[in-house]
Ligand SMILES: [Zn+2]
């Protein structure tokens, strides 16, 4: 029961973030390290998430591990009324590590209490998706050379976007971050996060317009603005084009600036941005494989 | 005028006073007095100067630990305890909201695993007045006005 887990981004210390960054760089430089030889990893996807699953399975394959598991509970025993408790109890007798995605919030923490082997949360509802945050950190350190002194712009749905909340929490461990929030009032950054930053004496600025203020940015972190988030569709119509990043807006941005997005995008980044060298979201997705290799190696003490 | 006793006196044990009438049976269930072998007497809807209707519970031969009794703080925040020996009050105690609440309140988040599977809830108390509870599982905060007792 004392297995090391990764359930919430707050489970890791600053030292552990840095260790994951180092390990990820090591795997990127030398991806064929068969540290999982003879080990079995279970990927339990109670709801489909193709990108996250492929990224984990690539990481496991590159480490030489075997994969068991399922995706979407409709094809598994779970629909026959088996509890999460029983599924985890059974699988933790088969596997050396469990990667789990589940639609209910808190399911991953619960699974880690039931399991005999480490559990990695690959998303529990709208709650946590810590491996996304670690790959975001890795993308920042790779492109900026450091996690200190970063001017980070977060754009889009800052109210419900769990990736921006987790990234904010993680970045607050480092020196002198500046946060700039760009969102429509309906999707503004929740108060609790602003209070948290204030309590740590950290600077943040709020904007509703997406203008040349981004010329200050080191990182622009884009998220989807979803129509369903607006109680009145008229409000959505008003904002839908305001928060689209276009290539012409990048003209005077800093040379080191990079654009991140957790993907998939809908239309918040115009495709004319893709060929700009500052577009980094597809590289960011590749970084996810190295970061997940690092997380697995760290939790299983393989490195 | 002679004061009338609504609930008989006990020789030794604990008297829990100032329980809101609406919370009486919750207190009984939280302290598991419904499975208790000792004599338990209670009165409900008693007159009170300070409450809208109060309840009182007397448990013969039982002395509660602070930790045990604080479990009722969420439903009976003003409860007072008197410990009795030889018909005399020998100790007084006021309940206090503990730092952690196990399996008493429900998480307000309908998407929380604790509302879908038969598991104990655990909350960290992040504010005592007004009460705010952080769920160990979904990490959401249940505020006093959203609180429901299991
Ligand atoms: Zn909860």
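The values are calculated or read from the model by the stated rules, or taken from the named source; none is laboratory data. Computed from a predicted model, the values in this text were never measured in an experiment. Here the Cβ is made from the backbone with ideal geometry for all residues, glycine too, and neighbour counts use every protein chain on show.
Can you work out which of the residues in the stretch B:108-120 that are over 22 Å from the mean Cα position of the chain (by Cα) and assigned to a loop (DSSP other than H, G, I, E, B) is farthest from the other protein chains (Cβ to nearest Cβ)?
B:110
Return yes when residue B:150 is under 14 Å from the mean Cα position of the chain (by Cα) and more than 26 Å from residue A:110 (Cβ to Cβ) and no when it is not. Walk me through how you get there before you give the answer.
Numbers: under 14 Å from the mean Cα position of the chain (by Cα): yes; more than 26 Å from residue A:110 (Cβ to Cβ): no.
It is false that residue B:150 is under 14 Å from the mean Cα position of the chain (by Cα) and more than 26 Å from residue A:110 (Cβ to Cβ).
Only one of B:97, B:72 is modelled with pLDDT under 95, more than 15 Å from the ligand (Cβ to nearest atom), within 30 Å of residue A:193 (Cα to Cα) and in contact with a helix residue (DSSP H, G or I) (Cβ under 8 Å, 6 or more places away or on another chain). Can you tell me which?
Numbers: B:72 fails: within 30 Å of residue A:193 (Cα to Cα).
Within the list B:97, B:72, the selection yields B:97.
Which of the following residues is surrounded by fewer than 16 Cβ atoms within 10 Å (Cβ to Cβ), under 12 Å from the mean Cα position of the chain (by Cα) and away from the ligand (no atom under 16 Å from the Cβ): B:66, B:47, B:34, B:86?
Details: B:47 fails: under 12 Å from the mean Cα position of the chain (by Cα); B:34 fails: under 12 Å from the mean Cα position of the chain (by Cα); B:86 fails: under 12 Å from the mean Cα position of the chain (by Cα).
None of the others qualify; the one that does is B:66.
If we only count strands (runs of 3 or more DSSP E) wholly inside the stretch A:165-248, which ones have 3 or more residues that are under 23 Å from the mean Cα position of the chain (by Cα) and surrounded by fewer than 20 Cβ atoms within 10 Å (Cβ to Cβ)? Give the steps one after another, and end with the answer.
Values: elements: A:178-182, A:203-207, A:219-222.
Answer list for the stretch A:165-248: A:203-207.
Test of understanding: among A:160, A:110, A:138, which residue is within 14 Å of chain B (Cβ to nearest Cβ) and over 30 Å from residue A:239 (Cα atoms)?
Numbers: A:160 fails: over 30 Å from residue A:239 (Cα atoms); A:138 fails: within 14 Å of chain B (Cβ to nearest Cβ).
Step by step, each of A:160, A:110, A:138 is checked, and only A:110 is within 14 Å of chain B (Cβ to nearest Cβ) and over 30 Å from residue A:239 (Cα atoms).
I'd like the residue in the stretch B:121-133 that is closer than 20 Å to residue A:8 by Cα and surrounded by fewer than 18 Cβ atoms within 10 Å (Cβ to Cβ) and, out of all such residues, is nearest to the other protein chains (Cβ to nearest Cβ). Working first, answer last.
As a first pass, look at the stretch B:121-133 and keep what is closer than 20 Å to residue A:8 by Cα: B:121-126, B:133.
If we keep only those that are surrounded by fewer than 18 Cβ atoms within 10 Å (Cβ to Cβ) as well, we get B:124-126.
Working: B:124: 12, B:125: 17, B:126: 11 Å.
Per the criteria, the residue is B:126.
Report yes if residue A:69 is surrounded by fewer than 18 Cβ atoms within 10 Å (Cβ to Cβ) and either farther than 13 Å from residue A:295 by Cβ or at pLDDT 95 or above (or both), otherwise no.
No.
Need at least 3 residues that are under 21 Å from residue B:120 (Cα atoms) per element, so show me which strands (runs of 3 or more DSSP E) inside the stretch B:15-107 make the cut, counting only ones lying wholly within it. So that I can check it myself, show each step before the final result.
Values: elements: B:40-46, B:54-60, B:80-85, B:88-94, B:100-102.
Per the criteria, B:100-102.
Give me the residue from the stretch B:113-142 that is within 13 Å of the ligand (Cβ to nearest atom) and out of contact with any helix residue (DSSP H, G or I) (no Cβ under 9 Å at 6 or more places or on another chain) and, out of that set, nearest to residue A:107 (Cα to Cα).
Step by step, filter the stretch B:113-142, then rank; the result is B:115.
Considering only residues that are part of a helix (DSSP H, G or I) and in contact with a helix residue (DSSP H, G or I) (Cβ under 7 Å, 6 or more places away or on another chain), which ones fall in the stretch A:34-59?
Initial filter on the stretch A:34-59 (part of a helix (DSSP H, G or I)): A:50-59.
Answer for the stretch A:34-59, where residues must be part of a helix (DSSP H, G or I) and in contact with a helix residue (DSSP H, G or I) (Cβ under 7 Å, 6 or more places away or on another chain): A:55, A:56, A:58, A:59.
How many of the residues making up the stretch A:255-285 are part of a helix (DSSP H, G or I) and more than 14 Å from residue A:132 (Cβ to Cβ)? Full working, then the answer.
Taking the stretch A:255-285 and keeping what is part of a helix (DSSP H, G or I), we get A:271-273, A:281-285.
The next check asks that each one be more than 14 Å from residue A:132 (Cβ to Cβ); those that pass are A:271-273, A:282-283.
Counting residues in the stretch A:255-285 that are part of a helix (DSSP H, G or I) and more than 14 Å from residue A:132 (Cβ to Cβ) gives 5.
Would it be correct to say that residue A:178 is touching a strand residue (DSSP E or B) at 6+ places or on another chain (Cβ under 8 Å) and under 21 Å from residue A:264 (Cα atoms)?
On the way: touching a strand residue (DSSP E or B) at 6+ places or on another chain (Cβ under 8 Å): yes; under 21 Å from residue A:264 (Cα atoms): no.
Judged against the criteria, residue A:178 is not a match.
Please go through (1) surrounded by 15 or more Cβ atoms within 10 Å (Cβ to Cβ); (2) part of a loop (DSSP other than H, G, I, E, B); (3) in contact with a helix residue (DSSP H, G or I) (Cβ under 6 Å, 6 or more places away or on another chain) for residue A:27 and return the number of the only condition it doesn't satisfy.
For residue A:27, the failing item is (2).
Filter the stretch A:1-18 down to the residues that are surrounded by fewer than 17 Cβ atoms within 10 Å (Cβ to Cβ) and away from every other protein chain (no Cβ under 14 Å) and list them by number. Quick ask: steps written out before the conclusion?
Step one: filter the stretch A:1-18 for residues surrounded by fewer than 17 Cβ atoms within 10 Å (Cβ to Cβ), giving A:1-4, A:10-11, A:13-16, A:18.
Scanning the stretch A:1-18 gives A:1, A:2, A:3, A:4, A:13, A:14, A:15, A:16, A:18.
Inside the stretch A:85-107, can you point out the residues that are within 13 Å of chain B (Cβ to nearest Cβ) and either in contact (Cβ under 8 Å) with a residue 60 or more places away in the chain or buried (at least 22 other Cβ atoms within 10 Å of the Cβ) (or both)? Give the derivation first.
To start, the set of residues in the stretch A:85-107 that are within 13 Å of chain B (Cβ to nearest Cβ) comprises A:85-89, A:100, A:102-107.
Result: A:87, A:88, A:100, A:102, A:104, A:105, A:106, A:107.
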